[in-house]
Amino acid sequence: MNAAMTVLSVTRQLAWVGLLLVLLAGLSLLLAARSDADTASPEVAVSAGASGIPTAGALTLQEGLDLRGQWRFRAGDEPAWATPGFDDSDWSTRAVPGRWPRGGFPESGQIGWYRLTVNVPVELVAASDFQLAVRIGKVISAYEFYAGGQLLGGVGGMPPLGQTVIDQERQYFVPPTAVDAQGNLVLALRVWGGEPTAVNAWGGGPHAGDFLLGEYRSLLYQGLLKELPGMMFFIVTLTFGIHHMVIYWRNRSLRVYLWFGLLALDIALYGLMLTQWKFLLGWPYLVLKKIEFTSIYVFPALALQMVWSLVDRKFPPALRVYQLSFVVFALSILPVPGLTVHFATLLSWQLATLPMFGFVPWMLWREVRAGNREARTLLPALALFLATCVNDILIDLANLETIRLMPFGFIAILASMSMSMITRFTRMFGALESEVEQRTSELREVNLQLVQMARVDHLTGVLNRRGFTEEAEEEVARMQRTGTGFSIVLTDVDFFKRFNDRHGHECGDHVLRRVADILKLRTRDIDQIGRWGGEEFILLLPETDAEGAAVLAEKLRIAVEENVFEFRGEQLSLTMTFGVAAFRLGDNLDTCIARADTALYHGKKDGRNKVMIGKYKGLSLVN
């Protein structure tokens, strides 16, 4: 029981630690969202010079120039469109970032070009301690980046390779030769929207992230700071999941911790896949994207299991089928080559989750009305999570240009579950304390009974030798403190063996019980009666001298002699012999009992059915 209380106490403390981890993860996401908001801008943050070309000053480049806004755009593919001298004045403009319309530009093979000219200080670019760089955000599905007509790199693979990478940001060093003598720098993006399935599902083109021009180290530092909250979220959520799995590993009966841990690990994995840190793993992009889709596809199954476990309700069969359908769906799509199947089925998965938006809140509301504390904590967080899901679904369906809020919904779910588990285990701890108190009381009662059984003769109900000795030793100690004396009476059933020989041991037991009843009936409450062994009984008479003890012994002798009892239809009678001794200063218990035993012996020798007083000098017969 103490071990169980210790486990519950540690579990409750770990739940508080888990809640702290969740709050730290939420803070990380808040910092990330604030970072995105701080860098948001609807247009290019440069001032126009006399030539009409945006101009960036030295200080602006040191801090980083935001390139988001309207770029020149044209669907098609001509290598000459990368050259600085190409006239793009008749091109249309498109927002960067900004997705293409669904379906893209099939007439151009889903390829389009973006161009932007920026004027920079020539003397700054030519300085040996300054490295000009451009940071390109996320582009669907692949691109090549040019500066001053020079190909500096790209992400993914342009046709005919056609390798999709839709969410990688990259920074490029811009050589001084890319800037002409007047300080004009022409930036060009050659973008491939991707396979028709991807373009129909996601659109194409630059769609998110930072588009910056500035000093290389400064841009690198800004990018690192922007990604730190995402890494913090991953580490905190991963730690949260692992420590719940450890709790379950140590106590397999805590199944709710298993599902809580798996859910947190799934959220941590999904959170990592939303950051740029995943590219440091060096894994193929296809593998990274499969992990991301799988983690989000199995989330409903884990969330359902977690919610039902937390409110301690049995899974309905229909809901179990619904839950397993998400697992089967994820596992069946995982081995399919490429990402096309994910783009094609994402909408179906989103529609499949819609029933959860109805029956899970309804179930929790019903549990709240029934008084379920866990449901009361979980319901507001679930409402917040569903709102974030709607936001992210609209990002995919309506191409909304806003931040994804689902990680915040995850944090709300984890935080509420942490609070629910704290509440549950606090309640369990209180119940266990009450149970421990009750069990302790029961054990105390049982121990008292065991102690009593160890001191009482089971046949007669009087004290046994051990119990009587303990009471007598206490009386000796009391006498030594107060000087109040007591007497010992030792008595024996006369001719007891005849009862056993003639009528059997059952008759002998009956005789002993009858004698014990007579002794208890005719003595005081403060007197102690014990079975000394066999047919011998012993009495402790506090505050009684030898003469008083002898008077009582004589009354007992007469009562026994006059008592006639029936055994199996036969009238039987018996007598007893008594030996009396008073305890005096200088005695110990053994010497006092020895004098009473000597008196008893002489009473037996002189004909039985007598009371004899044992003194320091000789014996006295009570007439």
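The values are calculated or read from the model by the stated rules, or taken from the named source; none is laboratory data. Please read all numbers here as calculations on a predicted model, not as lab measurements. Cβ sites come from the backbone with ideal geometry, for glycine too, and all protein chains shown count toward neighbours. These accessible areas exclude ligands, DNA and RNA; they are computed on the full protein's heavy atoms, side chains included. Shrake-Rupley method; radii C 1.70, N 1.55, O 1.52, S 1.80 Å.
How would Leu382, Leu448, Leu274, Leu585 rank on accessible area, largest to smallest, probe 1.4 Å? Intermediate values should be presented prior to the final figure.
On the way: Leu382 20, Leu448 110, Leu274 55, Leu585 145 Å².
These residues rank, largest area first, as Leu585, Leu448, Leu274, Leu382.
Excluding ligands, DNA and RNA, what is the solvent-accessible area per residue of the range 465-621 at a probe of 1.4 Å, expressed in Å²? All intermediate terms of the calculation are to be shown ahead of the outcome.
On the way: 7860 Å² over 157 residues.
Value returned for the range 465-621: 50 Å² of accessible area per residue.
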| query | In the range 203-294, what trypsin sites (Lys or Arg not before Pro) fall in a loop by DSSP, with at most 11 other Cβ atoms inside 10 Å? | reply | Arg252
| task | Report, by chain and number, residues whose modeled amide H sits under 5 Å from the one on Gly64, excluding near sequence neighbours (fewer than 5 apart, same chain). | result | Glu215
| message | Using +1 at the C-beta of Lys and Arg and -1 at the C-beta of Asp and Glu, which of Val165, Thr83, Thr93 has the Cα lying farthest in the positive direction of the dipole of the range 45-222? | response | Val165
| request: Using 0.36 nm per residue of separation minus the Cα-Cα distance, give me the extension gain between Leu347 and Phe495 in nm, one decimal. | output: 43.0 nm
| Cβ under 14 Å from Ala58's Cβ, Ala58 left aside: what net charge do those residues give with Lys, Arg +1 and Asp, Glu -1? | -4
| query | What is the gain in length, in nm to one decimal, between Val122 and His505 on full extension, counting 0.36 nm per residue of separation less the C-alpha to C-alpha distance? | reply | 125.5 nm
| task | Place the peptides 171-177, 540-546, 76-82 in order of packing, highest mean first, counting for every residue the other Cβ atoms within 10 Å and averaging per peptide. | result | 540-546, 171-177, 76-82
| request: Give the long-range amide H neighbours of Asn119: residues separated by 5 or more places, or on another chain, with amide H under 5 Å away, using H modelled in the peptide plane at 1.01 Å from N. | output: Thr55, Ala56, Leu185
| Sites Leu589 and Phe567 - FRET efficiency at Förster radius 30 Å, r taken between beta-carbons, to 0.05 | 0.25
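Under the definition of Cα pairs under 8 Å and six or more residues apart, what whole-number percent is the relative contact order of the range 465-621? Can you show the working numbers first?
Working: 265 pairs, mean separation 43.1, N = 157.
Relative contact order comes out at 27 percent.
Explain nothing, just the number: relative contact order of the chain, from Cα pairs under 8 Å at least 6 residues apart, as a whole percent. Write down the numbers at each step before the final one.
Working: 1037 pairs, mean separation 66.5, N = 623.
It comes to 11 percent, rounded to a whole number.
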| remark: The answer for the range 290-347, accessible area per residue at 1.4 Å probe in Å², is 43
| query | Once label points are set 7 Å from the Cα along Cα→Cβ at both Thr575 and Gln449, what is their separation, rounded to one decimal in nm? | reply | 4.4
| said: Just to confirm my numbers, what's the Cα centroid distance between the range 160-206 and the range 116-159 in Å? | reply: 9
| If you plug each phi of the range 133-139 into the Karplus form 6.51 cos²θ - 1.76 cosθ + 1.60 with θ = phi - 60°, what whole-Hz ³J(HN,Hα) values come out, in order, with x for Gly and Pro? | 8, 10, 10, 9, x, 7, 10
| Rounded to the nearest 20 Debye, what is the dipole magnitude of the range 451-563 about its Cα centre when Lys and Arg each give +1 and Asp and Glu each give -1 at the C-beta? | 220
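Can you tell me the dipole magnitude for the chain around its Cα centre, using point charges on the Cβ only (Lys, Arg +1; Asp, Glu -1), in Debye to the nearest 20?
Working: 58 positive and 62 negative charges, 261 e Å.
Using Cβ point charges on Lys, Arg, Asp and Glu, the chain gives about 1260 debye.
Kirkwood hydrodynamic radius for the range 465-621: how many Å is it when counted over pairs of different Cα atoms? All intermediate terms of the calculation are to be shown ahead of the outcome.
Values: mean 1/r = 0.0632 Å⁻¹.
In the range 465-621 this quantity evaluates to 15.8 Å.
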| said: Tell me which of Gly614, Ala546, Leu589 sits at the most positive position along the dipole axis of the range 465-621, charges placed on C-beta atoms (Lys, Arg +1; Asp, Glu -1). | reply: Gly614
| message | What distance in nm separates the two pseudo spin-label positions at Leu161 and Lys555, each 7 Å out from Cα along the beta-carbon direction? | response | 11.7
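Full-extension gain between Ile526 and Trp362, please, as 0.36 nm times their residue separation minus the C-alpha to C-alpha distance.
Working: separation 164, 0.36 × 164 = 59.04 nm, distance 7.07 nm.
Separation in residues times 0.36 nm, less the Cα-Cα distance, equals 52.0 nm.
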| query | Using the per-residue mean of other Cβ atoms lying within 10 Å as a proxy for protection, in what order, highest first, do the peptides 594-607, 151-164 fall? | reply | 594-607, 151-164
| query | For the range 465-621, what % of the accessible area comes from carbon and sulfur atoms, probe 1.4 Å? | reply | 47
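Enumerate the helices in the chain for which the Kyte-Doolittle hydropathy averages 0.5 or more and the C-alpha atoms extend at least 20 Å along the helix's axis, using complete DSSP H runs.
Numbers: long enough: 2-39 (56 Å, 1.16); 216-250 (50 Å, 0.65); 255-273 (28 Å, 1.45); 285-310 (36 Å, 1.13); 317-333 (24 Å, 1.48); 340-369 (45 Å, 0.63); 373-398 (38 Å, 1.08); 406-455 (71 Å, 0.25); 465-482 (25 Å, -1.57); 505-521 (24 Å, -0.09); 546-562 (24 Å, 0.39); 589-605 (24 Å, -0.33).
Membrane-span-like by this criterion, though nothing is claimed about a membrane: 2-39, 216-250, 255-273, 285-310, 317-333, 340-369, 373-398.
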| the range 230-345: C-alpha gyration tensor shape, a/c 1.5 cut-off, then a/b vs b/c | oblate
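Taking only C-alpha pairs under 8 Å that are 6+ residues apart, what is the relative contact order of the range 109-245 in percent? Please list the in-between numbers first.
On the way: 255 pairs, mean separation 45.5, N = 137.
It rounds to 33 percent for the range 109-245.
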| request: List the residues whose amide H sits under 5 Å from the amide H of Leu152, counting only those 5 or more places along or on another chain, with H placed 1.01 Å from N in the peptide plane. | output: Phe145, Tyr146, Ala147
| Any idea how many Lys pairs in the chain come in under 15 angstrom at the alpha carbon, given 8 or more places apart or on separate chains? | 9
| remark: Neighbours of Phe234 by Cβ distance under 14 Å: Lys/Arg at +1, Asp/Glu at -1, summed charge -2
| request: Match the structure shown to one of the listed values [x] 147, 55, 39; [y] 110, 64, 58; [z] 97, 70, 59 of Cα extents along the principal axes in Å, computed from it, and give that label. | output: [x]
